[in-house]
Structure formats: structure tokens, C-alpha cells
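Read the structure below first, then the notes.
The values are calculated or read from the model by the stated rules, or taken from the named source; none is laboratory data. Every value quoted in this text rests on a predicted model; they were computed, and no experiment measured them. Quick reminder, even Gly has a Cβ in these numbers, built from the backbone with ideal geometry, and neighbours come from all protein chains shown.
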Amino acid sequence: MNSSIYKQSFCALDIETTGVNPFTDKIIEIGIVKFSIDKGEVESYETLINPGIPVSHQSHLIHNITEEDLTDKPAYHEVYDLIRDTIKDTYLVIQNPQFDLSFLQSENRSADLPIFTNYSFDTVILAKKVFKGLKNHKLETVSRHLNCVRNFHRALDDAFCCMDIFVEGVKRIDPAHLFTVSDLSGVCGFNTEEKILRVMHNYKWKGVTLEPGFEYIIKYSDKAGSVTERKILTKNLFKNGSTLFLHAFCHLRNEERFFKLARIRNITLC
């Protein structure tokens, strides 16, 4: 990571989704812009993706993508190779990489495909350090501040915005052009392998060992604080950032569910 950032290849990446939960929602659009800081855009790629599940009303209000738009589009696993080949040997540039990469890695695991391990840079963190005094550091806010107005909340346009923010931010924070990749990592780096969807083989919860393939009785609190008792069969344990998730078949709902361990009030082994 000691080579100059001005000689590196980057891919600005953005996605649109059916909702906000990477374990239950799916990607419906992806946009990627390959670029270098000195030369700008090299190539770009975008596609709509058929998620196989409904698009939530709240998400539709944001990106205005309908289920009809997605009917004849490829499934995620059908575009995986193109995504992989486009971002290969590049650093990723993403507005809040925790969100986008969680979805990508969840899609990869669901399709039994290799996860992406590209090191990433977070334009939110970069913008907070460089563009001070703004009311917030959302993609649209910073882009308008830079007079980069596009069709916000569509994947390719937002990827171009990420590129614009990143390039301008780097030039302002490093006017002498002395930064290495390692230097920039200390400013806004995001280690994908350390922070996204790590699979855990077991986890000790207050003296109870949680493992895949076992049945438990749990008491689980929903967002409103209502607690229900349910019998579950564990499938997987994940750590997404600092949040632990339990993937299990829920006998109460008769379907597979993802439970936040922070909301589990009690666990007993059946």
C-alpha cells in the first residue's frame, strides 16, 4: 500500500436495493465507474437486476425502480462475473461501504460465489474531513456543493458522484500529490475482509454455545419491544461490522429468519 494513489485504479460503486436489510433484501441495480485520479473515467458498467422478491414501497419512492422494470433482467449470479472482472485489481470507492458491501457479500454467499475482498475507501469519511461546514455529508449534498448534479439515487449516476467526491477530496487533502495508498487508508480506508459478513462457527451467549445445526428456544424482542418465544433451528452465525446475526429457521413463523443477537433476551438448548 506504499505506491502513489495517483497511479492506482479505482472503481466507484453504488447499488440500489429492494430494502435496507442485506440479509433479507436484494440488489436491483449496480453501477460501477473505473477511474484513476489523474485520468478520470476509464470505463463504466451498469445493469438492473431481477431480485426475485418484491421491491418495498419505501425503496421504490427513493429510486423509482418498479418491479416491472426488473421482470426480464438478469439475476445477480448471472452478472457476478462481469462485476468481478470490472473491479478486479482495483480499490473500491463507495459512499458508506458498510451498506453496499454487506449486500454484495450477502448476495455472493447466497449464490455460493466467492466474496469480494477489494480494499475500499469511504467517501462519507473523506467528505467529513475535507468539505466542512455542510449541513450533512450525504452524496447529494456533497455533489451539489461541487456542482456535480446527476440523477441521484440511480446506481451509475451515484457511482459517478462517488468518483467526483473522491477525486476532488483527495486533491484537496493532498495538494502536493505525495499521498500513498497507505496514507489515504489512514484517512478514509475500509477493510472489507475485516468488517463485512464474517462467518462465525460458534458463539457463546451467556454460557450457551450457539452453533449451526442445533435447535434452541429463544425469547426475541422486536423493534417495538414486544417479546415472543420461538423455537429455531440455527443455520449460520454472521458478524456484519459490529452487529451479530443468527440465521435460523423459525418454527413460529415457519420460515427462515435473521435475528440480531442484541435483541435476544434468553436462549436455551432444546
Taking the residues in the stretch 1-21 that are within 24 Å of Val187 (Cα to Cα) and hydroxyl-bearing (Ser, Thr, Tyr) as candidates, determine which candidate is nearest to the chain's Cα centre (by Cα). Ser9
Which one of these is in contact (Cβ under 8 Å) with a residue 12 or more places away in the chain and either farther than 27 Å from Val42 by Cβ or not assigned by TED's automatic domain parsing to the domain that holds Ile173 (or both): Ile87, Ile62, Ile125, Ile83? Ile62
Counting only residues in the stretch 171-187 that are loosely packed, with under 12 Cβ neighbours inside 10 Å and farther than 22 Å from Leu146 by Cβ, the one nearest to the chain's Cα centre (by Cα) is identified as Gly186
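Do we have any residue at all in the stretch 193-205 that's free of Cβ contacts under 8 Å to residues at least 24 places away in the same chain, closer than 29 Å to Ser3 by Cα and either acidic (Asp, Glu) or in contact with a helix residue (DSSP H, G or I) (Cβ under 7 Å, 6 or more places away or on another chain) (or both)?
Yes, there is a match, as at least one residue in the stretch 193-205 is free of Cβ contacts under 8 Å to residues at least 24 places away in the same chain, closer than 29 Å to Ser3 by Cα and either acidic (Asp, Glu) or in contact with a helix residue (DSSP H, G or I) (Cβ under 7 Å, 6 or more places away or on another chain) (or both).
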Restrict the check to the stretch 153-164 and report whether at least one residue is more than 15 Å from the chain's Cα centre (by Cα), closer than 23 Å to Ile83 by Cβ and either among the β-branched types (Val, Ile, Thr) or surrounded by fewer than 16 Cβ atoms within 10 Å (Cβ to Cβ) (or both). no
Can you tell me which residue in the stretch 90-128 is surrounded by the fewest Cβ atoms within 10 Å (Cβ to Cβ), limited to those that are charged (D, E, K, R) and modelled with pLDDT under 95? Asp112
In the stretch 241-256, how many residues are closer than 16 Å to Thr24 by Cβ, out of contact with any helix residue (DSSP H, G or I) (no Cβ under 9 Å at 6 or more places or on another chain) and surrounded by 12 or more Cβ atoms within 10 Å (Cβ to Cβ)? 5
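Do we find that Phe23 is over 29 Å from Lys171 (Cβ atoms) and either modelled with pLDDT of 95 or more or not assigned by TED's automatic domain parsing to the domain that holds Leu246 (or both) in this structure?
Numbers: over 29 Å from Lys171 (Cβ atoms): yes; either modelled with pLDDT of 95 or more or not assigned by TED's automatic domain parsing to the domain that holds Leu246 (or both): yes.
When the stated conditions are applied, Phe23 passes them.
Each row is one residue, and each column tells you yes or no for (1) over 27 Å from Gln98 (Cα atoms); (2) modelled with pLDDT of 95 or more; (3) in a strand (DSSP E or B); (4) in contact with a helix residue (DSSP H, G or I) (Cβ under 6 Å, 6 or more places away or on another chain).
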position	(1), (2), (3), (4)
Asp164	no, yes, no, no
Pro175	yes, no, no, no
Leu178	yes, no, no, no
Leu184	no, yes, no, yes
Lys219	yes, yes, yes, no
Lys231	yes, yes, yes, no
Lys239	no, no, yes, no
Residue, nearest to Met163 (Cα to Cα), within the stretch 36-64, restricted to residues that are in contact with a Ser or Thr (Cβ under 8 Å, 6 or more places away or on another chain) and hydrophobic (A, V, I, L, M, F, W, C): Val42
